[in-house]
Amino acid sequence: MTIEKQHTILDVTKTFSVDEYNSLRGRIFLKDNKNVFVKMKTFSGGVILLNYSRGKGDLKNWLISEIDFSSNALGKCEATMSLGNGYMGMRSATEEPYIHETRNLFVNGTFNKAAENEVTELPNLADVTRLDIRIDGERFSLELGKTKNYIRQLNLKTAELTRSFEWTSPKGKELRFLFKRFISLDNLHVIGLKMEIESLTDSVDVSIDTGINAQMSNSGCQHFLEGERRIYNNQFIQLIQTTTESNIDVVLNTTHKMKVNGKEVNDSEMHMARRKVWQTYQFKLLPNDKLEMEKVTTVHTSRDKEIPQEGYDLQKLRDDSLQALQSHADKGYDSLFQRHKDAWQQKIWNKYNFELASDNDFDELALRFSLYHLTVMTPAHDERMGIGAKALSGEGYKGHSFWDTEIFILPFFIYSNPEVAKSLLLYRYHGLEGARRKALENGYEGAMYPWEMAWPTDGEVTPEWGDIDIVTGEQTKIWTGFIEQHITSDIAFGVYQYENVTGDKQFMDDYGYEIVFDTAKFWASRLEWNDEKHRYEINNVIGPDEYKEHIHNNAFTNYMAYFNMKLAMRYYDQLKEENPSLLQSLERKLDLDEMYSLWEKKTKRLYLPNPREEDSVIPQDDTYLQLKEIDLTKYKEQDTVRTIYRDYNPEQINEIQVTKQADTLILFYLLEQTFLAEDERISKAVKRANFHYYEPRTLHDSSLSLVTYAIVANDIGEEALAYRLFEKSCETDLGPMMHTSDEGIHAASIGGIWKTAIFGFAGVRLVNGKLTIQPRLPNHWKEIKFTIHWQGQPINLCITPTSLTVEAVNKEKVEFESYGKMYECDDFIEVVFSEEVIKNS
Ligand code: IFM
């Protein structure tokens, strides 16, 4: 392969340093393809195997391709190419097994706590994708023999994974392989898999073991009892397992259709072993013979929404699911796939209507990647379930939901698919039970949301022990579940944003007010009176910057608690006027007697750190600005994350002015959207000052950090930096580091890709109840189109560097502000702005 860099041929076998790689990025050309990650060695010794420009014509910027196989970098494609439909998610491990693979199949909401000292997590279900293939009796593996023309590809548009290559066995037999699979968006319980093997030169004996393998665990932790296995009519395989503690039945059914040169050949041997049931198929292929296999699987659980709470009958679930499998299998892979593909087109691509014309094709691809995973990760079908920090693509964070949802993912759904946003907020509404329990257990009132949430009633599920402490060699204590408390007001913020953008009054009456009142009640009980300073404080917390533990008055936490209580007061006033009977019933239910006056008194005296007089910097907490400073260059330039832990333990990091992720900065971005927008303490000048103070001290060691900095950088006119930060956040999963996604994709950062494009570059934002659209596109973005939903109406937007068109799809009036001017339209309006106006804004 030759690579040209401005007419220079680069040596692809050379190892590049981080700086060299960064300086080449975007200037590397494969003969006729630009903006492609080419196969070249990286500083970390891995090989960049990803290519984003194989899609041509209609498929341009829709394909993520792996252009060579390496069994040392399996995690990257397993996670980034993972498939799913919100009901279930599966890592894209290859059909043939490898030592360092991670095979995962998760069904949302099926949490189980394996033992008293374990944490509840999504159990890894039985595997249905593994195929043990032997060619002339030898194990088929890409680590053996020779492979040519290897391509593994995720088509983001059709949500289908394909893999093809030619392989010469160690004995010299040449074969062509093709694999395909999808997880249906049309029927949430269906997985389709297809394989073709063609013998190119010789006659070969092919044997395949295929079935259901429940010899799985979560990194060794076993969540299932042995279960029951059966094969019906030598054709339909069924495996039933029950989780050890939560008692959830999981029923998997699978069946195969085999054809040689188009003729069905279904002879097989049946086998069973512990936690495993499978069939062995054997074929003799002559030169040019083609073997085709279709495998259709269904997954059902007793936790499925359609399962009746009363009168649940496992036998019925087994019978119904088996019947459903037969009918799906009769339709066959192609027809099932067609329905799935149509579902993606209608439910996703037509709805979001997203297009981006950028000189850097990678930008559009990254945004489609974001929309793809936002769909795959989200349980749109069931409001009892949330979104895990690693989605359904890996064991990382155990399927638990964090503030990642409300602050980084929910905004996408609020603006693009409000029904799903509502479902995600209902998950938190159901979580009030666990939140109230947590408050009580900690000696507070109201609802104190868990830092990590699993099944809504579980309450706090954050593990207590983490990585090694490099000084003591002991396990590090994880404090977040005890003292990272801002999640409670982040959820209230989510309700506020949903209410303002959608205008969904019914949701507020039924659920929203209750969440906001009860969370505000928690804060009122949480504040501590400082007699000496004559103010309320919030002590002993962790803010978004998790490198600072047990700190006092984290600005983000205090301001957000203030917002939460002020919001409750506003809603209270509003209800008193508009719906006193609802207010009365909520007062009774939540015991809000005297609460309003408490909120009033406490918000007046709550300590909100002011910007410093000398430089407008808001202290991140009581001590941060007095901590020692060290040279952070080495960590700022790291090729991976959290390298500071190689030199310092948590206690030492606590004593240094170093920040893990956007902390004070996110405050500006959130509060600007609210009724506090005019507060001088979060003015643009203060925002700029804080950006310049904190960015050099922030290591972006959490994937949540870059997007906030990217949005704020764009706001303050640092456009080039904003784009670079955006690009880096896209590279969290799509970049050259082949191991960053091993534990799963980064759900919040993926939501953040969309946020940066829409709230950042396209400048679409809620400001104190108003829609504002103030675009500031990167220089090389020529046009961006997408649909948002505002007050129940879809609005089509098209933005170029100097114009904005707004189309009110239902022809209902929409008002918006752009660069200081108000506009309204009930049809279509074009606004043209000069570059001058944008620059001076
Ligand atoms: O919620 C985040 C947190 O802010 C940083 N650590 C990882 C968590 C899950 O993504």
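Throughout, read-outs are computed from the coordinates displayed, never taken from laboratory work. All of these numbers come straight from a predicted model, not from anything done at the bench. Heads up, the Cβs are rebuilt from the backbone with ideal geometry, glycines too, and the neighbour counts pull from every protein chain shown.
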> Under unit Cβ charges (Lys, Arg +1; Asp, Glu -1), what dipole magnitude, rounded to 20 debye, does the stretch 637-743 have relative to its Cα centre?
Replying inline: 220
>> Charges at C-beta only: +1 for Lys and Arg, -1 for Asp and Glu. How large is the resulting dipole of the stretch 710-778 about its Cα centre, in Debye rounded to 20?
In response: 420
>> Suppose every Lys and Arg Cβ carries +1 and every Asp and Glu Cβ carries -1, with no other charges. What dipole size does the chain come out with about its Cα centre, to the nearest 20 debye?
In response: 1960
>> Based on alpha-carbon centroids, what's the gap between the stretch 683-726 and the stretch 238-266 in Å, whole number please?
In response: 50
> Hey, what do the phi angles of the stretch 405-410 turn into as Karplus ³J(HN,Hα) couplings, whole Hz, using 6.51/-1.76/1.60 and θ = phi - 60°, x for Gly and Pro?
Replying inline: 5, 5, 8, 10, 10, 3
> Mind listing which GluC sites (Glu not before Pro) in the stretch 526-598 are in a DSSP loop and have 11 or fewer other Cβ atoms within 10 Å?
Replying inline: Glu532, Glu594
> Taking Cα pairs under 8 Å and at least six residues apart, what relative contact order does the chain come out at, in percent?
Replying inline: 10
>> Given Cα positions, please report Rg to Rh for the stretch 326-485, the hydrodynamic radius being the Kirkwood one.
In response: 1.08
>> Which GluC sites (Glu not before Pro) in the stretch 288-342 sit in a loop by DSSP (not H, G, I, E or B) and have at most 14 other Cβ atoms within 10 Å of their own Cβ?
In response: Glu306, Glu310
>> Distance cut-off 20 Å, Cα to Cα: go down the list Lys398/Lys660; Lys76/Lys390; Lys601/Lys770; Lys533/Lys684; Lys180/Lys290 and report the pairs above it.
In response: Lys398/Lys660; Lys601/Lys770; Lys533/Lys684
>> Among Val204, Ile784, Phe563, which residue has its Cα furthest toward the positive end of the charge dipole of the chain, with +1 on Lys/Arg Cβ and -1 on Asp/Glu Cβ?
In response: Val204
> Over the stretch 532-670, how many percent of alpha carbon pairs lie in each 10 Å bin up to the one with the longest distance?
Replying inline: 10, 32, 27, 17, 10, 4, 0
>> I'd like the Karplus ³J(HN,Hα) series for the stretch 154-171: coefficients 6.51, -1.76, 1.60, θ = phi - 60°, whole numbers in Hz, and an x wherever there's a Gly or Pro.
In response: 9, 8, 5, 6, 9, 6, 10, 9, 10, 8, 9, 5, 10, 9, 9, 5, x, 8
>> If you average the C-alpha positions of the stretch 508-587 and of the stretch 475-495 separately, how far apart do those two centres end up, in angstrom?
In response: 14
> Which lysines does Lys422 reach when only Cα atoms under 16 Å apart count, and residues fewer than 8 places away in its own chain are ignored?
Replying inline: Lys505
> Which one of Asn213, Asn253, His271 has its Cα pushed farthest toward the positive end of the charge dipole of the chain, where Lys and Arg give +1 and Asp and Glu give -1 at the Cβ?
Replying inline: His271
> Which percent of the Cα-Cα distances in the chain go past 44 Å?
Replying inline: 29
> Residue separation times 0.36 nm, minus the C-alpha to C-alpha distance between Leu582 and Asp510: what's the value?
Replying inline: 25.0 nm
>> Sequence gap at least 6, Cα distance under 8 Å: using those rules, report the relative contact order of the stretch 585-714 to the nearest whole percent.
In response: 28
> In square nanometres, what is the average projected area of the Cα convex hull of the stretch 84-161?
Replying inline: 7.7
> Can you tell which of Leu356, Gln626, Tyr150 lies farthest toward the positive end of the dipole of the chain, using +1 and -1 charges on the Cβ of basic and acidic side chains (Lys, Arg; Asp, Glu)?
Replying inline: Tyr150
> If you keep only loop residues by DSSP, which trypsin sites (Lys or Arg not before Pro) in the stretch 52-121 have at most 16 other Cβ atoms within 10 Å of their Cβ?
Replying inline: Arg54, Lys56, Lys60
> Distance from the Cα centre of the stretch 291-341 to that of the stretch 783-841, in angstrom?
Replying inline: 45
